[in-house]
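Notes to accompany the following structure.
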Amino acid sequence: MAAITDIPVRKGSEPPTAIELKHRRKAMRSSILRYGLLTLVGLVMIYPLIWLVGASFKTNAEMFSSAGFWPKEPTLSGYIEGWQTSTPYTFGKFFVNTLWIIIPKTIGTAISCTLVAYGFARFDFPGKKFLFMTVIATLLLPNVVTRIPQYLLFRDIGWLDSFLPLWVPSALAGDAFFVFMVIQFLRAIPRDMEEAARVDGATTLQTLVYIVVPMLMPALISVCLFQFMWTMNDFLGPLIYISSVEKYPVSLALKLSIDTTEAFAWNQILAMSVLALAPSLAVFFMAQKYFIEGISSGGVKG
Amino acid sequence: MAELQLKGVEKTYGNGFKAVHGINLDVKEGEFMVLVGPSGCAKSTTLRMIAGLETVTGGEIRIGDNVVNDLVPGKRGIAMVFQNYALYPHMKVRRNLGFGLQLRGKPKDEIATATGEVSEILEIEKLLDRLPKQLSGGQAQRVAVGRALIKHPDVFLFDEPLSNLDAKLRAAMRVRITDLHKRLKAEGRPATVVYVTHDQVEAMTMGDRICVMKDGHIMQVADPVTLYERPANAFVAGFIGMPEMNLVPAVLTRGLGAQLTLDGQTVDAGDELARRLYIQDGPVTLGIRPQHLGVVPAGSPNSLTGTVTNIEFMGHEVNLHAKVGNAAFVAVVPSEAFDRSTQRGDRVGLTVSGSHAHVFDVSSGENVSLKGALN
């Protein structure tokens, strides 16, 4: 489109010259080509998702007979039957379980990460370098490595088949990535505001709550957003620690319908997958504004 | 309102770097004290130690009757205005002003009254419901001053508060702050102020007294006139005054008057200077302000002959740069008295006004021409 603005603007009454017309045609062709290509690649990327939504309204028989995403005989049976599940519980129960895992975990993460990051970013204490190195080391360590020792630990404490193994590590700032993210954000905020608060008579905790946390908000929203989406999609964690069906989150429940039926009711699985995607998408779009604000603007005017 | 005393205050950082070397400073109750010096002279560090934002590694800081070395900033009875305002970005102006009182647990109506009073003094009533990002630099600065004022502190601390403003606004704010200081004094609640700046114009126009610092040492503490007319050493002489004082090596011989020789030429600076001197004859540093250097035709009696190196037309005056041997001089001449035909490379004569000349010891830089002068 930029090419169009390159052409000098003429007074309204005069007809465009031949050269101008040529330039305009060229600019038009170029943008049609660019946008066409972008749309095409975009479609290829998003097609599986479109197909997922379309297929959730198909019958089980139709699913594999055509590659198109538009259902010939749209039906809600996938949703209705899928919602019932083959267990004594409806899918609603599993959604509640998921939220019951996510909400305390997200809150715990936000609080613990803020405290730990504030400590690392703003205070000097003995052993700080070593401790910070440990945090970064955890960041680099693959999760799988700690699974077995963690499992044994939680088994000995007696927390198996409860949500505690999913909540507690996060509430103790176990997610080094988030701690690191908040530290980086904090380092970019000048200390003057905190110093002004101290001169105003605020204690360390008051400074954190009244001054630092509001300035950290964009980073904290990003942390919560990531934690929400990752926990929603987490399969391995619940699989290892949760054994009774009544405590299953959505991610495990989806797998359940594959296990228990002989001929897989794919339309039910897909219908429930669509529902499972919805909360993450909804939360993302709600938080998007703050998320982008957090990236594009600092809280300070020079 | 209280007196502020620094006794042998030192600051040594963890890496062994000593930034402040045992400074002593008394700021009287209600006094406007300016700390001035080039970058890295530890003036801000000193201010931050008074505020409690830096630890004090030696000596004692007293505010009123209390030693405050180990008190947290909030308990010292101080308020501070920061260079980049440091307003809380997420709070409206009203809450920015009242935050300090809110932390002290003051009731809401009391905070509202105080906010109203302060915003009236600083003419920021219309800004109370704005966020800091909606303020211009000058407005933000006034809010920052208001935030300090509202607490009725014993000591006000200003850390280069005007350096982010443009020249015009800076001049206006300068007047506003000094007016405020006078107004508080007139209202019977004088404010003790410590004001840090690197700008000598701010220092000279605002300070009751000025403390000139260099490399963590105090070079001189005096009122602006004394600082200008009787600088204690070559550093202060060179730092205060625009353009800088001419400081050139010369050889002193005393006969009837004080003869100064440089580049093989000798001028007599007169009896008055000779009487003020307490130094043996020999090499010295001659200090003479550009305004006290006369420009005469080359070869005039009792003048130094030099070569013009540059001419700067400033409007009402002309800065004439000239070299006598290796020594560079600047002379300020009123425009109307200046010979417009003077060109670069011309020979000119420079006369030294003995009553305004200073002589500094070569090694210590101390002013050795202050005998009999009141200090």
Legend entry - Interatomic Cα distance distribution for segment B:207-292, bins of 5 angstrom, percent: 3, 13, 21, 20, 19, 12, 7, 3, 0
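If r is the Cβ-Cβ distance from A:T39 to A:L115 and R0 is 45 Å, what FRET efficiency results, to the nearest 0.05? List each step's numbers first, then the result.
Values: r = 47 Å, r/R0 = 1.03.
For A:T39 and A:L115, the calculated efficiency is 0.45.
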Legend entry - Size descriptor, Kirkwood hydrodynamic radius, that averages inverse alpha-carbon separations across the protein assembly as shown, Å: 32.4
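Considering every Cα-Cα pair within chain A, what fraction, in whole percent, is farther apart than 31 Å? Walk me through the intermediate numbers first.
Numbers: 23954 of 45451 pairs.
Beyond 31 Å sits 53 percent of the P(r) for chain A.
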Inset, instruction - Have a look at A:L40, A:V53, A:V96 and report the one farthest towards the positive end of the charge dipole of segment A:27-159, computed about the Cα centre with Cβ charges (Lys/Arg +1, Asp/Glu -1). - result: A:L40
Legend entry - B:E336 paired with A:A171, simple spin-label distance in nm, labels 7 Å along Cα-to-beta-carbon: 8.5
Inset, instruction - Only Lys, Arg, Asp and Glu count, each charged at its Cβ (+1, +1, -1, -1), so figure out the dipole size of chain A about its Cα centre, rounded to 20 debye. - result: 1160
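Please compare each pair in B:K7/B:K28; B:K185/B:K214; A:K105/A:K247; B:K43/B:K75; B:K7/B:K106; B:K7/B:K43 to a cut-off of 24 Å on the Cα-Cα distance and tell me which ones are over it. Write out the running numbers ahead of the final one.
Details: B:K7/B:K28 14 Å; B:K185/B:K214 31 Å; A:K105/A:K247 16 Å; B:K43/B:K75 22 Å; B:K7/B:K106 34 Å; B:K7/B:K43 15 Å.
Distance filter (> 24 Å) returns B:K185/B:K214; B:K7/B:K106.
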Inset, instruction - Describe numerically, in nm with one decimal, the distance between label points set 7 Å from Cα along Cα→Cβ at B:K168 and at B:K185. - result: 3.0
Legend entry - Charge dipole (chain B, unit charges on Cβ, about Cα centre) - positive-most of B:L6, B:S300, B:Q200: B:L6
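Report the charge-dipole magnitude of segment B:4-229 in Debye, nearest 20, computed about the Cα centre from +1 at each Lys and Arg Cβ and -1 at each Asp and Glu Cβ. Don't skip to the end; give the middle numbers.
Details: 31 positive and 27 negative charges, 142 e Å.
Taking the Cα centre of segment B:4-229 as origin, the dipole is about 680 debye.
Within 10 Å of each Cβ in B:80-87, how many Cβ atoms from other chains are there, averaged over the peptide? Before the final figure, lay out each step's value.
Values: counts 6, 2, 6, 1, 6, 6, 11, 5.
For peptide B:80-87, the averaged partner shielding equals 5.
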Inset, instruction - Positive end of the charge dipole of the protein assembly as shown (Lys, Arg +1 and Asp, Glu -1 on Cβ, about the Cα centre): tell me which of B:H152, B:Q265, A:L153 has its Cα farthest that way. - result: A:L153
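Only helical DSSP H runs with n ≥ 4 go in: add -39500 (n - 2.57) per run for chain A, normalise by residue count and round the 222 nm mean residue ellipticity to 500 deg cm²/dmol. Could the numbers behind the result be given before it?
Values: 14 runs with 212 residues, N = 302.
Result for chain A: -23000 deg cm²/dmol, rounded to the nearest 500.
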Inset, instruction - Distance between Cα centroids, segment B:28-73 to segment A:7-76: provide it in whole Å. - result: 68
Legend entry - Using alpha-carbon coordinates, inclination of helix B:93-103 to the longest axis of chain B, degrees: 70
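Largest first and in whole Å, give the semi-axes of chain B's equivalent ellipsoid, each being the square root of 5 times a Cα gyration tensor eigenvalue. Walk me through the numbers on the way to the answer.
Numbers: eigenvalues 437, 120, 52 Å².
Each semi-axis is √(5λ); the values are 47, 24, 16 Å.
Taking beta carbons within 10 Å but only from partner chains, what does the mean come to for residues B:120-133? Can you show the working numbers first?
On the way: counts 0, 0, 0, 0, 0, 0, 0, 0, 0, 0, 0, 1, 4, 4.
Mean number of neighbouring Cβ atoms from other chains: 1.
Go ahead and run the numbers for FRET between B:H316 and B:Q280, Cβ-Cβ distance against an R0 of 45 Å, rounding to 0.05. Please report the intermediate quantities before stating the final value.
Details: r = 42 Å, r/R0 = 0.93.
About 0.60, to the nearest 0.05.
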Legend entry - Debye intensity ratio I(q)/I(0), log10, segment B:235-360, q values 0.17, 0.18 Å⁻¹ (C-alpha model): -0.84, -0.93
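Which value, in debye to the nearest 20, describes the size of the charge dipole of the protein assembly as shown about its Cα centre when Lys and Arg Cβ atoms bear +1, Asp and Glu Cβ atoms bear -1, and nothing else is charged?
Values: 65 positive and 60 negative charges, 316 e Å.
Dipole magnitude for the protein assembly as shown comes out near 1520 debye.
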Inset, instruction - Divide by every residue of chain B the summed helix terms, -39500 (n - 2.57) for each DSSP H run of at least 4, and state the resulting mean residue ellipticity at 222 nm, rounded to the nearest 500 deg cm²/dmol. - result: -7500 deg cm²/dmol
Inset, instruction - Pull up the cross-link candidates among the lysines for A:K26, meaning alpha carbon to alpha carbon under 30 Å and not fewer than 8 places away within one chain. - result: A:K11
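Can you give me the relative contact order of segment B:4-229 as a percent, contacts being Cα pairs under 8 Å and 6 or more apart?
Value for segment B:4-229: 30 percent.
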Inset, instruction - Using a Förster distance of 51 angstrom, determine the FRET efficiency expected from the C-beta separation of A:A278 and B:E125, and round it to 0.05. - result: 0.55
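Just how many % of Cα pairs in segment B:307-375 lie over 19 Å apart, if you round to the nearest whole percent?
Working: 1136 of 2346 pairs.
More than 19 Å apart: 48 percent of the Cα pairs in segment B:307-375.
Readers should treat all values here as calculations from the given coordinates under stated rules, not as data from a laboratory. Computed from a predicted structure; not experimentally measured. For neighbour counting, all protein chains shown are included, and Cβ atoms are generated from backbone atoms with ideal geometry for every residue, glycine included.
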